[in-house]
1. Could you sort the peptides B:129-135, B:215-221 by per-residue average Cβ neighbour count (10 Å cutoff), highest mean leading?
2. Could you state the accessible area per residue of the protein assembly as shown in Å², with a 1.4 Å probe and every protein chain left in place?
3. How big is the dipole moment of the stretch A:74-186 about its Cα centre under a simple scheme where the beta carbon of each Lys and Arg is +1, that of each Asp and Glu is -1, and everything else is neutral? Debye, nearest 20, please.
4. Between B:Lys300 and B:Thr36, 0.36 nm times their residue separation minus their Cα-Cα distance comes to what?
5. Using only atoms on other chains, find how many Cβ atoms lie within 10 Å of each Cβ of peptide A:177-186 and report the average.
6. At what distance in nm do the modelled label points of A:Val283 and A:Asp250 sit from each other, each positioned 7 Å from its Cα along Cα→Cβ?
7. How high is the relative contact order of chain A, given as a whole-number percent (alpha carbon pairs under 8 Å, six or more residues apart)?
8. Pick from B:Thr36, B:Thr301, B:Thr212: which residue has the top mean-square fluctuation in a GNM of chain B where Cα pairs under 10 Å get a spring?
Amino acid sequence: MKVTIDGIEIDVPKGTTILQAARMIGADVAPPAMCYYTNLKTSGGYCRTCIVKVTQGSAANPTPMPKPVASCRTEVMDGMVVENFTNPEIVEARKGIVEFLLINHPLDCPVCDQAGECKLQDLGYENGLAESRYEFERREYEMIDIGEKIKLHMNRCILCYRCVKVAEQITDGRVHGVINRGDAAEISTYIEQAIDNEFSGNVIDVCPVGALTDKTFRFKQRVWFTKPMNAHRNCTSCSGKVRLWFKGDDVLRVTARKDEWDEAEEFICNGCRYDHKSKYDWVIEGPAPIHRQSVISQNKYANLDEKKLQELKNQKALGFMKIDKKP
Amino acid sequence: MPRKLLIQNVDVPGISSLETYRAHGGYASVEKALKTMRPEDVVEEVKKSGLRGRGGAGFPTGLKWSFLAKPEGVPRYLVCNADESEPGTFKDRFLMEKTPHSLVEGMITSAYALGVHTSYIYIRGEFFYVARILENAIKEAYAAGLLGKNILGTDFSLDCHVHVGAGAYICGEETALLESLEGKRGNPRIKPPFPAVAGLYGCPTVVNNVETIAAVAPIVNMGGDEYAKIGIGKSTGTKLISASGHINKPGVYEIELGLPVEEFIYGEEYCGGMRNGKKLKAVVAGGSSVPILPADLILKTANGEPRLMSYESLGDGGFQTGTMLGSGGFIVMNEDTSIVKNLFTFTRFYHHESCGQCSPCREGTGWMEKILQKFINGTAQESDVDLLWDVQGKIEGKTICPFGEAAAWPVAAAIRHFKDEFLEIARNKKFVDISHYEKLNGGLS
């Protein structure tokens with residue numbers, strides 16, 4: 001099926017969504033997505049940041065779609081023409097949506113652990129206003145512990161529903177959902193009941209903002225002072241393929257590996273996430289790729305190509321690279 | 001005398017019982033359809049009738065029915081949307097309360113046409129007593145062999161269940177209704193797929209308004225062509241209008257579509273003119289979500305033609321100078337009414353009822369209410385009018401379901417036609433008295 005997005009044509013298989021097609025073309029045309037998550041079924045459609053204008057429905061029926069559509073939940077049709085960044089109305093509408101997402105957000109980035117890897121920060125940076133037009137009190141919630149390892153900071157939540165989908169699809173016996181309605185809606189485990197499940201930690205990884213954070217990592221370090229490395233171990237529960245976040249020789253945090261769209265490639269188990277915080281537990285593969293929006297260590301090894309990396313390895317410049325076995 | 005097809009017998013004593021209802025010609029359409037017509041013939045009659053959805057959107061019912069997917073071995077469902085919650089609209093409640101059997105009759109005839117064997121009436125939680133009336137009517141219908149197995153000795157079987165919602169406006173949106181009916185949180189689904197393909201429990205489903213389903217019975221009785229002769233142009237048949245506000249005779253009226261608005265407001269047969277001889281200021285013609293129109297534009301279109309009670313005439317001029325027939329919630333306001341105060345009430349309602357699923361509506365409705373609160377408090381500035389305009393524009397058309405529009409349109413229309421009123425409050429810092437709300441609701445939250 002042929003689809004044209006912002007003037008660029010691409011051939012995609014049937015069933016591809018506009019967002020997926022745009023991502024195949026590249027970051028220059030891909031709409032931002034706060035709630036869609038490739039590995040979570042029925043995710044997407046809530047945040048509305050990925051809206052695009054369909055100016056031609058298909059080759060067979062060229063009528064434009066009357067309203068902007070959520071590109072993450074709209075499948076392409078053969079001959080469809082889509083406008084994203086080239087349509088001023090869409091750009092303007094997206095600014096409005098970003099403003100809506102921010103009016104009740106505390107903007108406490110300076111003390112938020114997510115700062116530096118927060119999708120809302122990126123989104124605000126690209127689409128936000130310099131000043132808020134919202135003059136009223138922002139809504140506030142009490143912080144909640146979801147089990148021993150996860151902190152829920154509802155003030156920061158944008159209700160993307162990703163964590164709810166994780167609870168639905170990855171963990172068994174869902175004890176996690178949304179209560180209340182409208183702008184009083186909140187993520188809850190119903191009377192703070194812990195999510196007692198081997199894969200519950202993934203709610204942290206899917207959270208696009210700082211609403212769900214890893215209590216074993218909270219306030220330990222700003223992410224831009226850490227070095228992400230891909231590593232693996234033999235794990236009986238999950239694939240064991242993870243990302244380690246180093247400060248010096250210490251592993252401060254373990255997360256899933258995320259792709260260039262900031263989505264976990266494979267979900268990892270709580271054992272890998274919380275209980276293996278020693279570099280000797282892991283076989284280290286090498287530095288994790290740094291993506292376009294990342295603030296992490298641009299000066300550390302962002303621009304190293306394979307050849308230079310090999311050189312450095314040989315010079316033992318990156319000492320920890322040598323570690324590939326438990327001593 | 002205008003023709004009445006839906007509520008002609010409401011004043012007959014005991015019409016809510018099956019016996020009296022049948023004595024007045026009730027269930028004739030079931031007899032006719034099941035015994036003399038094929039299901040596709042019934043669909044054809046509905047198509048010919050030009051009947052349009054009475055819930056608000058005005059989508060042609062016959063067309064909607066023809067979209068229903070019919071895969072082998074998969075059940076299909078008919079769901080009646082009785083979650084009537086639009087402020088100003090109370091026509092379905094009236095119909096169900098007075099003549100519950102006319103809805104049950106419509107359900108049976110429609111279900112037969114669609115090949116449905118299980119049907120549901122999803123009724124709003126606040127209408128608990130109406131649900132009792134319906135349940136009683138259904139019980140009577142089962143006992144008389146009009147529901148259940150082999151209806152009237154034919155091989156058509158149908159079950160009908162009443163499901164009481166918990167009182168959420170959003171559950172009147174058809175996919176939120178289906179979610180709620182399935183026992184889930186009443187959040188609208190993302191479309192496509194539409195209910196005609198994957199609705200209740202993932203099966204093909206038709207969701208129709210109470211009045212739409214009730215109208216199927218007279219259509220079958222008199223024939224689609226005959227029905228189409230009533231009304232004007234593409235607005236065929238009769239429509240229930242629930243009139244409220246500063247008029248002499250508020251109530252539910254059945255009108256033939258095409259009736260001039262002026263006659264409806266001032267005619268003795270209908271609203272009977274303005275109460276206490278006050279002047280007409282504005283009308284919300286189809287439930288709180290449709291654009292408000294000032295007196296001159298509701299009585300005449302921008303071209304100077306008389307405005308008629310029809311889908312086309314009320315929509316004439318687009319939203320610049322027109323509005324919509326909507327659900328038929330006709331709210332009349334006299335010269336003493338504050339449009340700003342009225343808008344605050346509406347917006348407060350939409351803020352309260354937003355499901356919170358998608359960002360523009362969740363955040364935007366609350367924001368609009370807070371800005372309007374400033375007008376009520378007398379602390380608003382002139383720039384707040386522009387901000388309000390901008391915020392509503394950023395909600396409209398960006399949401400999952402039409403709730404975003406429902407919340408944005410009243411704001412847009414009030415500013416479009418009554419901007420001076422907003423500016424006057426902003427300039428004079430004039431306090432708008434809302435003491436009566438406090439009496440009603442025990443204070444504002």
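The values are calculated or read from the model by the stated rules, or taken from the named source; none is laboratory data. From a predicted model like this one, the values you see are computed outputs, not experimental measurements. As a convention, Cβ positions derive from the backbone with ideal geometry for all residues, glycine included, and neighbour counts pool all protein chains shown. Ligands, DNA and RNA are excluded from the accessible area calculation, which covers all protein heavy atoms including side chains. Shrake-Rupley method; radii C 1.70, N 1.55, O 1.52, S 1.80 Å.
1. Numbers: B:129-135: 17.4, B:215-221: 27.0.
For the peptides B:129-135, B:215-221, the packing ranking is B:215-221, B:129-135.
2. Details: 31480 Å² over 772 residues.
Per residue, the protein assembly as shown has 41 Å² of solvent-accessible surface.
3. Working: 13 positive and 22 negative charges, 48 e Å.
Charge dipole of the stretch A:74-186: 240 debye, to the nearest 20.
4. Numbers: separation 264, 0.36 × 264 = 95.04 nm, distance 4.60 nm.
The B:Lys300-B:Thr36 span can extend by a further 90.4 nm.
5. Details: counts 1, 5, 1, 1, 12, 14, 12, 5, 7, 1.
Going residue by residue through A:177-186 and averaging, the value is 6.
6. 2.8 nm
7. Details: 601 pairs, mean separation 42.5, N = 327.
Dividing the mean separation by the residue count of chain A yields 13 percent.
8. B:Thr36
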